[in-house]
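Report on the following structure.
Computed from the coordinates by the stated procedures, all read-outs in this text should not be read as laboratory data. None of these values were measured; they are calculated from a predicted model. Ideal geometry is used to build each Cβ from the backbone, glycine not excepted, and the neighbour counts take in all protein chains shown.
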Amino acid sequence: MASSSLDLTQCCIGKKLNENCHEGKFTKIKKIKFFEELTKKDQELVHLRCKVNPIKTICNHHEKIFLDRFESLYVGSFCCDPFNKHKIKIKKSVRVISAAVAKEFDLIPGYQLCTECRKILHLRKQEHESYSCKNQDNDFNGIHISKENFNLSINTFGCSPLKLVAYKDRVSYAKRKINKIHTATKKKIATVLDVSPDLINDEPKTKELCCKSKQDLDSLMELIKAKFDISSKPEKLKLLTLVPESWSINYTENYFSASQRMIKTARHLKQMHGIIAEPSKKEGRSISEKVKNLVHEFYQSDEYSRMCPGKKQYVSIQVDDVKIGFSKFCELRPKWCIPVGGASGLHSVCVCEYHQNAKLLALKIPDISDYKNLLTLVVCDLTNRDCMLHCCDNCPDNDTLKEYLTTLFDKHSIEEINFNQWQKANKKHDIVPVTLPVDDFIEKACQ
């Protein structure tokens with residue numbers, strides 16, 4: 001069997017893998033030979049490593065790659081991680097996979113396994129051997145005994161014993177046999193009880209009840225879906241707790257057009273509090289009664305409050321260990337106390353409406369402790385003058401901030417926000433309560 005007639009043509013591996021057979025990188029001899037000329041061991045290694053079958057011819061180039069240079073080209077000094085268990089490459093205590101192990105577990109010989117992966121292979125091998133031995137010992141006896149007992153049982157009802165049929169006919173044969181046994185059993189019971197077989201035939205009623213129950217369930221789910229489409233987010237969560245447990249997340253998502261996050265939240269709510277449970281409301285940063293009383297005392301104390309015709313005649317007082325914003329401080333004042341700049345005749349102290357309103361908006365955003373955290377989403381550098389004056393072309397646009405705020409409110413299932421804002425009327429500023437939907441609130445925060 002001469003191989004000279006095959007020189008300088010493409011081998012089977014080169015054709016299958018779409019590779020050049022005569023690169024000359026690993027051997028200068030450009031030659032193709034019949035695959036049978038390799039030893040049985042080498043043939044098996046090439047088959048397992050290149051995953052090409054059948055192979056009739058092989059060139060010197062691919063012979064070198066898959067036999068002599070395979071480990072240096074394709075195998076590193078780390079575990080190949082066949083079970084996707086490792087987050088990093090494992091180089092400690094690795095061993096080369098033999099051809100026998102590779103063939104048994106569909107791996108590639110020459111690759112390496114760590115201790116953990118070898119243990120998994122060992123356990124799987126033990127489970128397979130245990131299962132095989134158990135089946136070999138019990139299959140025949142168990143099937144034979146079960147068949148004999150079953151034939152004796154159905155013989156009392158006048159049914160013929162089971163017979164062997166072709167594999168493709170077993171399902172239809174089993175269905176016919178079940179119907180015959182069911183009919184024979186009813187006749188036998190009717191004979192023993194001396195009643196008509198028609199009187200104990202409840203199959204039509206059962207089917208009718210099943211169909212009616214299914215129609216009722218479908219009708220109920222349609223009503224829930226219609227209610228879901230016009231409900232707020234908290235109401236939608238309550239309605240999703242009524243979804244049957246047999247429904248998958250994907251099916252529920254397609255049926256209600258709801259997000260998977262909302263469905264998972266509703267399932268957790270149902271697991272914790274049952275159906276139609278009220279979603280827990282997110283509480284804001286509360287102020288203790290002690291701090292509120294301190295503010296009242298501060299306003300009414302003669303030491304800190306008095307008639308002031310001008311700004312020069314009062315001083316700022318800071319109480320130790322009490323942290324409270326200026327807006328909240330003004331909100332908690334008694335009705336009979338007037339802040340500086342709050343009435344005509346008093347000096348109009350500057351209250352920056354833009355800065356104070358931005359801080360009040362930030363107070364109502366969940367998971368945000370400081371409004372400066374939001375500034376980092378719309379500027380490159382807080383210390384850069386051009387960035388803070390909107391003169392920088394590299395700063396992100398408001399879309400980044402909008403997406404971030406939308407994610408926060410969706411996470412906490414908030415539909416509506418109640419907050420305060422400073423508004424100027426008749427040359428004085430007052431705090432006014434405002435209520436906005438989430439989308440309008442986000443637009444206002446991003447202005």
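Legend: ranking of residues Met388, Met272, Met262 from fewest to most surrounding C-beta atoms inside 10 Å; resulting order Met272, Met388, Met262. A simple spin-label model places the labels of Lys40 and Asn149 4.7 nm from each other, with each point 7 Å out along Cα-to-Cβ. If only the Cβ of Lys and Arg carry +1 and only the Cβ of Asp and Glu carry -1, the dipole of segment 343-447 around its Cα centre is close to 660 debye.
In whole percents, the pair-distance distribution calculated for segment 359-428 from its alpha-carbon pairs, binned every 10 Å from zero, is 17, 39, 30, 14, 0. Among the listed pairs Lys40/Lys103; Lys15/Lys91; Lys147/Lys186; Lys28/Lys56; Lys16/Lys85; Lys238/Lys264, a Cα-Cα separation exceeding 24 Å is found for Lys15/Lys91; Lys16/Lys85.
When you filter the chymotrypsin sites (Phe, Trp or Tyr not before Pro) in segment 348-424 for DSSP loop state and at most 16 other Cβ atoms inside 10 Å of their Cβ, you are left with Tyr371.
The gain in end-to-end length when the Ile368 to Cys391 segment is fully stretched comes to 5.6 nm, 0.36 nm per residue minus the alpha carbon separation. Checked against a 25 Å cut-off, the cross-linked pairs Lys290/Lys411; Lys168/Lys212; Lys359/Lys402; Lys233/Lys364; Lys214/Lys270 give Cα-Cα distances beyond that limit for Lys290/Lys411; Lys168/Lys212. Distance between the modelled labels on Tyr354 and Glu289, one decimal in nanometres: 4.2 nm (7 Å Cα→Cβ projection). By the count of neighbouring beta-carbon atoms within 10 Å, fewest first, Thr383, Thr252, Thr191, Thr9 end up ordered Thr383, Thr191, Thr9, Thr252.
For segment 32-48, backbone phi angles converted through the Karplus equation (6.51, -1.76, 1.60; θ = phi - 60°) give residue-by-residue couplings of 10, 10, 6, 4, 5, 6, 6, 5, 4, 5, 5, 4, 5, 4, 5, 4, 5 Hz, Gly and Pro being listed as x. Length available on full extension from Glu116 to Lys411: 0.36 nm per residue minus the Cα-Cα distance, which gives 102.3 nm. Spatial offset of segment 167-196 relative to segment 371-391 amounts to 81 Å, using the alpha carbon center of each. Among the trypsin sites (Lys or Arg not before Pro) within segment 226-299, those in coil by DSSP and having at most 11 neighbouring Cβ atoms inside 10 Å are Lys281, Arg285.
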